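Just below is one structure, and these are the notes that go with it.
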Amino acid sequence: MRFGTAISTGGTLDDAGYRDLVRPHCNVLVAENEMKWQALRPSEDRFDFTDADALVNFARNEEIDFRFHTLLWEVEERYPAWLRTYDFGAAPAAEAERLLTGHIARVASTYRDNMTGWDVVNEAVDPATGGYRTSPFSQAFGGMEAVLDTAFRAAREALPDAPLVYNDFMSWGSDGTHRDGVLRLLEGLLNRGTPIDALGLQSHLWGGNEAGDFADEAGWRTFLDEVTGMGLGLVVTELDVNDRDLPADLAVRDARIAEVTRRYLDLTMSYEGLRDVVVWGLVHRYSWLQYFQARADGLQKRGTPFDDDYEPTLMAEAIAEAFEAT
Ligand code: G3I
């Protein structure tokens, strides 16, 4: 099994202390933002691989594997501005297919030899309804299924042997609506003969609120049983813990974060098809959690495994123990 983290240019890659954490602890990396359309495709006719290359070169020099994130993110707000307002013309499905397959062919051929796995599509299911989201591509194609089929088939054509992943966050606090929607998406892909190898479990956990406290372990087990029962592998792609609602006391907070992490990993890592556990950042100050739903008391969030002095927290111990236990 591999452990790894998201890394980023302009922040973590440029921090020697962060690189010193990556070297001994990680054998797989993922780009936090640099391989999304915004970064790679600043306009329709221009690709920019500068930042992505910087990350790939670091990993290659350090002999650390890389996973690709993401060939498509089906949330409209996550589209580059030019694509949100794109004029798909008189034959929108054909134009959308040209754009999407062209993007995937170009990017996949660029990094074909550098990646050990690929997030092909991210977040196509609407968490509120379990149905598909609506996006510029889904509208142009006349439905999300055509987007999914086109993306996964183009990825397989360019990457005959690479693991292809559908990645999503499967809302913890819901009644299972989001999870059920993801299951339907996966079943649909398989029924239509669309190539897919694994489900990416983002694993943005919550510590300490009743709704999202990873309380529904039975529901999670049933979900993973269903996914693996379809013959699909699992990847923990973006693990962290949002401690927004935990008490200010650091000892209490860290213990609770570690407890949720350990319980989640013990269950999830018990599945044989799980290969990677990737955290969404190693060090508190660089984590997206600091600006996503900040704590009311303004305190720094603690849901990444190392503190700002690069010292391991109880969460790091919990991850290490979960690895030892498998
Ligand atoms: O750096 C500024 C920060 O100082 C400011 O407070 C904040 C206010 O919104 O903006 C920050 O910039 C952000 C930038 O990345 C740099 O981190 C942008 O707003 C933001 O749009 C962008 O956020 C990234 C987000 O994906 C959208 O692309 C996050 O870094 C990144 O961690 C996040 O990652 C996603 C995965 O790709 C998919 N799964 C969920 C995960 C978390 O949202």
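What the table shows:
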quantity: Boolean, Y86 is among the hydroxyl-bearing types (S, T, Y), in contact with a Phe, Trp or Tyr (Cβ under 8 Å, 6 or more places away or on another chain), surrounded by 18 or more Cβ atoms within 10 Å (Cβ to Cβ) and more than 19 Å from M230 (Cα to Cα); calculated: no
quantity: Check on V235, outside any loop (DSSP other than H, G, I, E, B) and either more than 29 Å from L185 (Cβ to Cβ) or among the polar types (S, T, N, Q) (or both); calculated: no
quantity: Unique residue being surrounded by fewer than 18 Cβ atoms within 10 Å (Cβ to Cβ) and over 28 Å from Q293 (Cα atoms) when the list is G142, G176; calculated: G142
quantity: Which listed residue, of V227, V260, V252, V241, is in a helix (DSSP H, G or I), among the β-branched types (V, I, T) and either within 16 Å of the ligand (Cβ to nearest atom) or more than 22 Å from the chain's Cα centre (by Cα) (or both); calculated: V252
quantity: Top-ranked residue of segment 288-304 - restricted to ones that are assigned to a loop (DSSP other than H, G, I, E, B), within 20 Å of the chain's Cα centre (by Cα) and surrounded by fewer than 22 Cβ atoms within 10 Å (Cβ to Cβ), ranked as nearest to the ligand (Cβ to nearest atom); calculated: Y291
quantity: Filtered residues of segment 49-78 (kept if free of Cβ contacts under 8 Å to residues at least 12 places away in the same chain and either surrounded by 14 or more Cβ atoms within 10 Å (Cβ to Cβ) or of a type in the set (A, V, I, L, M) (or both)); calculated: D53
quantity: Test: residue in segment 122-129 that is in contact with a Gly (Cβ under 6 Å, 6 or more places away or on another chain) and over 30 Å from M1 (Cα atoms); calculated: no
quantity: Matching residues, segment 9-38, being under 21 Å from the mean Cα position of the chain (by Cα), surrounded by fewer than 19 Cβ atoms within 10 Å (Cβ to Cβ) and within 15 Å of the ligand (Cβ to nearest atom); calculated: G10, G11, N33, W37, Q38
quantity: Some residue of segment 80-97 being under 23 Å from A162 (Cα atoms) and either without any contact (Cβ under 8 Å) to a residue 12 or more places away in the chain or β-branched (V, I, T) (or both); calculated: no
quantity: Of all residues making up segment 273-287, the number that are charged (D, E, K, R) and either within 13 Å of the ligand (Cβ to nearest atom) or at pLDDT below 95 (or both); calculated: 2
quantity: Filtered residues of segment 115-137 (kept if among the β-branched types (V, I, T) and farther than 30 Å from D65 by Cβ); calculated: T129, T134
quantity: Matching strands (runs of 3 or more DSSP E) fully within segment 142-224 where at least 1 residues are within 16 Å of the ligand (Cβ to nearest atom) and of a type in the set (S, T, N, Q); calculated: 164-168
quantity: Segment 55-77, residues that are in contact with an Asp or Glu (Cβ under 8 Å, 6 or more places away or on another chain) and either in a helix (DSSP H, G or I) or away from the ligand (no atom under 16 Å from the Cβ) (or both); calculated: L55, A59
quantity: Residue in segment 82-102 that is assigned to a strand (DSSP E or B) and either away from the ligand (no atom under 16 Å from the Cβ) or not aromatic (F, W, Y) (or both) present; calculated: no
quantity: Residue in segment 195-212 that is surrounded by 14 or more Cβ atoms within 10 Å (Cβ to Cβ), over 25 Å from M144 (Cβ atoms) and free of Cβ contacts under 8 Å to residues at least 40 places away in the same chain present; calculated: yes
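The values are calculated or read from the model by the stated rules, or taken from the named source; none is laboratory data. Predicted, not measured: the structure shown is a model, and the values here were computed from it. Virtual Cβ from ideal backbone geometry, glycine too; neighbours counted across all protein chains shown.
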